[in-house]
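Asks: Right, I'll just put the structure down here and ask away after.
The values are calculated or read from the model by the stated rules, or taken from the named source; none is laboratory data. Worth saying up front: this structure is predicted, and the values here are computed from it rather than measured. FYI the Cβ positions are ideal-geometry reconstructions off the backbone, even for glycines, and counts take in every protein chain you see. The area values use the complete protein model at the heavy-atom level, side chains included, leaving out ligands, DNA and RNA. Shrake-Rupley method; radii C 1.70, N 1.55, O 1.52, S 1.80 Å.
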Amino acid sequence: VPELNAGRALTDAEIVHPAEPFLTVLRDHDVAVTLGTDSHHPTEIPERADFLAAFVDETGLEPVTPDGLER
């Protein structure tokens, strides 16, 4: 399962991994993604988790949970 990574999404670079061309392919083929905040400190988790929730809503990607259930 590909990971949608928010490690640099909230920086000045505003980079989400994978890049948009690959995200388009995933969407086109209904491939689910796992979400990763890439947090290195507990205080980073809430803002990055909120970003990821909004991002998947905007992009139409389907996140999965570790047990395989969609949210």
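Asks: Could you look through segment 1-13, keep only residues that are under 10 Å from the mean Cα position of the chain (by Cα) and closer than 17 Å to VAL64 by Cβ, and pick out the one that is most open to solvent (accessible area, probe 1.4 Å)?
Replies: Among residues in segment 1-13 that are under 10 Å from the mean Cα position of the chain (by Cα) and closer than 17 Å to VAL64 by Cβ, the one most open to solvent (accessible area, probe 1.4 Å) is GLU3.
Asks: Let me ask you something else. For segment 14-41, which residues satisfy the criterion of being assigned to a strand (DSSP E or B) and open to solvent by less than 40 Å² (accessible area, probe 1.4 Å)?
Replies: Hits for segment 14-41 are VAL16, VAL33, GLY36.
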